[in-house]
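Heads up: the structure comes next, in structure tokens.
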Amino acid sequence: MTAMLQVTDVTKAFGGVVANDAVSISVPQGAIVGLIGPNGSGKTTLFNAITGAQAIDAGSIRFEGQEISRLLTGEIARAGIIRTYQQPRIYGGLSTRDNMLVSASIRRGSSPSLFRRANAKAIAWADELLDFVGLIEKRDILAGDLSFGQQKLLELAMALSNEPRMLLLDEPTAGINPILIDSVIERLKVANSKFGLTLLVIEHNMPVIMDLAQHIYCLAHGSLLADGTPEAIQNDANVLDAYLGAA
Amino acid sequence: MAEYRALTPKRLLLIASLLAVGVAAPLVLPAYQLQLTELLLFIVFALAWDLVGGQMGYNSFGNVLFVGLGMYGAAIVQVGLFYDVGLYNAARGGGTQFVFDVPQFITGLALGIPAAALISAFAAWLLGSLVLTMRGHYFAICTLGLGIAAGQIAAGIPWIGAGSGMLTPNPPEALGDVALLLYYLALGLAITCALTFAWLLSTRFGLALNAIRDDEDKAEAMGLKTHAAKVTAWVIAAGFLGAAGALYGNVVRFIDPVQTAFAGATIGVWMILMALLGGKGTLAGPIVGAIVFQIMKELFWTYLLGWQRVALGLLIIAVAVFFPAGIVGFIRERGSAKAKEQNQ
Ligand SMILES: Nc1ncnc2c1ncn2[C@@H]1O[C@H](COP(=O)(O)OP(=O)(O)OP(=O)(O)O)[C@@H](O)[C@H]1O
Ligand SMILES: [Mg+2]
């Protein structure tokens, strides 16, 4: 079986810092794959590479068989890869609901659909997802006035409303009220099983990623250190070393 | 959605009374007819600036480019349909050989105004792919340069009168009150502009412009076709600026390349000031701002002659310091603060 996302020998350097050094990962369709590693190990850099935010120096990135490493950010998004950010990025001057309405899947419609008012169906879809992340009460509030954690949840809902084929999440539980973390994990699992959404998740919170992912890659100093099932990673001497060494 | 409100009877009544005021104003205040026409064109300038500057967050300092293109474009069509433009301008539009009868004058206006809109829109489309890839200060400086360059280029083309400018066709006596005709054309344009923008801003296109304003890279990463949206907004704004420029040229009659057509230091700055004064990024803001600005301007020019520019400068500073969100923004902030209080 070929993977949905196949990253092969991707290298990216910033001056002298090699943030990604011949990194290869593969994400099968329908899977939840984890990406861990100490601070500065190159996780976010790999997301930037996959989504076309930064051009890579070498290597190949294939999505559903198509080479995407030379495509523009927008083209990659419209091909079905949507990401969230470590520092949430929302449209601060729009209401929470308008953030949802402008994010709803555009790649399905042609551009003239932009010149329509959001209809009842679109609003219902937006509200359903706002309810899903527990922000329905905040729908008329300016998104810029939401707390950090609420903005992370909104960004997740925005990404879901875009109906991507694959979702890249950069530390989805960081900054979220600890009592809400379990429900976020639960919702991600539902999104995966119910909407058939493939997930690639960066996470610092070990219990979270062990619970969520079926397969985990670990980066250290820009290189792939290990990969395997959560159990295998948890007991990998190199991984333990990297985390203890970094701590 | 942000600007969309249902057409309740109350709103219909408001629109109807505004329309009645618009239709009656020049008849009730004949002494201010010219200022009222100018006000309507200012409303179009401010609205068009705000679509790109306020709603989309791209602060253009060169919108006079489209005003001037429309002004010259219309004048050239109005004259060129019946006479040789070069000869007309060489004769400074004078003499007995350059006379426009009623059908000629009306035909000129009827074709000149839409042509002006198309010329400006087309120029925006051509420039858009270049200029709109720049952001922030780069975009602002680049547009400023375009506006200045356009004036200098126009001043160097003898065919359109070069530095001595160009006259729009002399209206035939038989037509009667041409000023009133121009007023109603300006009224029609301002209403068309406001309604078009109200509709645009009620669609997802309006939200896309706001998304670009708030975080363009995010919008791109969410799959929005940001470049196409930016060019579209810029082209629509330019079209209205061109049509307004066409009317403005016919109102003032004499088109000076730098003082009237590509007048960056006056019209170019004023349209931004009007949008900021009223509240940028809102539909009502530029309209309110244009009205307040025109009243202030007339007062300054009447009572503070010699100091009018100083007074205008102080007004700009006062707006920036005391009303950063503009009049409409200020009222809305107070409204939402009240609503918050009541919630508690
Ligand atoms: N735009 C950039 N310019 C220069 N250096 C960069 C840039 N982006 C990342 N780096 C460097 O590349 C390395 C990897 O950074 P990256 O953000 O990918 O790490 P990370 O694994 O996401 O870390 P964290 O867990 O802290 O988010 C770091 O040394 C970082 O300083
Ligand atoms: Mg990171």
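Any read-out appearing in this document is the output of simple, stated calculations on the displayed coordinates, not a laboratory observation. Here the structure is a predicted model, which means the values were calculated and not measured. Backbone-built Cβ (ideal geometry, glycine too); neighbour counts: all protein chains shown.
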**Prompt:** Quick one: putting +1 on the C-beta of Lys and Arg, -1 on the C-beta of Asp and Glu, what dipole do you get for the protein assembly as shown around its Cα centre, in Debye to the nearest 20?
**Reply:** 1200
**Request:** Identify which of A:47, A:115, A:63 has the largest mean-square fluctuation in a Gaussian network model of chain A, with springs joining Cα atoms closer than 10 Å.
**Result:** A:115
**Prompt:** Restricting to chain A, what percent of DSSP beta bridges are antiparallel, rounded to 5?
**Reply:** 55
**Cα lying deepest toward the dipole's positive end in chain A, options A:59, A:74, A:199, charges on Cβ** = A:74
**Prompt:** Using unit Cβ charges (K, R positive; D, E negative) and no other charged atoms, how large, in debye to the nearest 20, is the dipole of chain B about its Cα centre?
**Reply:** 780
**Sorted largest first, extent of chain B alpha carbons per principal axis (Å)** = 76, 47, 41
**Prompt:** In degrees between 0 and 90, to the nearest 10, how far off the longest principal axis of chain A does helix A:237-246 point, with axes built from Cα atoms?
**Reply:** 70
**Message:** Can you compute the FRET efficiency between residue A:238 and residue A:145 using 1/(1 + (r/R0)^6), with r the Cβ-Cβ distance and R0 = 41 Å? Round to the nearest 0.05.
**Reply:** 0.40
**Choice from B:167, B:189, B:224 with maximal GNM fluctuation in chain B (Cα, 10 Å cutoff)** = B:224
**Item:** Over 31 Å between alpha carbons, listed pairs B:225/B:297; A:138/B:10; A:194/B:218; A:121/B:10; B:218/B:297; A:43/A:194
**Value:** B:225/B:297; B:218/B:297
**Request:** Provide the FRET efficiency to the nearest 0.05 for the residue B:192-residue A:66 pair, computing r from the beta carbons and using R0 = 30 Å.
**Result:** 0.10
**Asked** Dipole of region A:91-161 (Lys/Arg Cβ +1, Asp/Glu Cβ -1, origin at the Cα centre): which of A:113, A:92, A:142 lies farthest to the positive side?
**Response** A:113
**Asked** Cα axis of helix A:148-161 to longest principal axis of chain A: angle in degrees, 0 to 90, nearest 10?
**Response** 80
**Fill in**
Largest fluctuation, B:46, B:110, B:233 only, Gaussian network model of chain B with Cα springs under 10 angstrom, belongs to B:110
**Item:** Placed amide H near residue A:4: partners under 5 Å, 5+ positions off or other chain
**Value:** A:27, A:29
**Request:** Could you bin all the Cα-Cα distances of chain A into 5 Å bins starting at 0 and give me the percent of pairs in each, rounded to whole numbers?
**Result:** 1, 6, 13, 17, 19, 17, 13, 8, 4, 1, 0, 0
**Message:** Sort A:149-158, B:96-105 by the packing proxy (mean of other Cβ within 10 Å over each peptide's residues), most packed first.
**Reply:** A:149-158, B:96-105
**Request:** Return a whole-number percent for the relative contact order of region B:31-343, with Cα pairs under 8 Å and 6 or more residues apart as the contact set.
**Result:** 33
**Fill in**
Long-range amide H partners of residue A:83, meaning residues 5 or more apart or on another chain whose placed amide H is closer than 5 Å, are A:168
**Asked** Could you give me the ³J(HN,Hα) list for region A:19-33, computed from phi with Karplus coefficients 6.51, -1.76, 1.60 and θ = phi - 60°, whole Hz, x at Gly and Pro?
**Response** 7, 10, 10, 6, 8, 10, 9, 9, 10, x, 4, x, 8, 10, 10
**Message:** Can you give me the long-range amide H partners of residue A:197? Hydrogens built in the peptide plane at 1.01 Å from N, cutoff under 5 Å, separation of 5 or more residues or another chain.
**Reply:** A:192
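Could you check how many percent of all C-alpha pairs in the protein assembly as shown are farther apart than 33 Å?
When all Cα pairs of the protein assembly as shown are counted, 53 percent exceed 33 Å.
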**Prompt:** Under a plain spin-label model, where a point goes 7 Å from the Cα along Cα-to-Cβ, how far apart in nm are residue B:301 and residue B:106?
**Reply:** 3.1
**Request:** Return a whole-number percent for the relative contact order of chain A, with Cα pairs under 8 Å and 6 or more residues apart as the contact set.
**Result:** 27
**Request:** Whole Å is fine, so just give me how far the alpha carbon centre of region A:11-28 lies from that of region B:155-233.
**Result:** 48
**Message:** Just to confirm the number: angle between the C-alpha axis of helix A:120-132 and the first principal axis of chain A, 0 to 90 degrees, nearest 10?
**Reply:** 50
**Rough spin-label spacing in nm, given labels placed 7 Å along Cα→Cβ, for residue B:184 and residue B:332** = 3.5
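Can you tell me the FRET efficiency between residue A:194 and residue B:28 if r is taken as the Cβ-Cβ distance and R0 is 60 Å, rounded to the nearest 0.05?
0.40
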**Complete:** Long-range alpha-carbon pairs in region B:37-180, meaning those over 21 Å apart, account in percent for 50
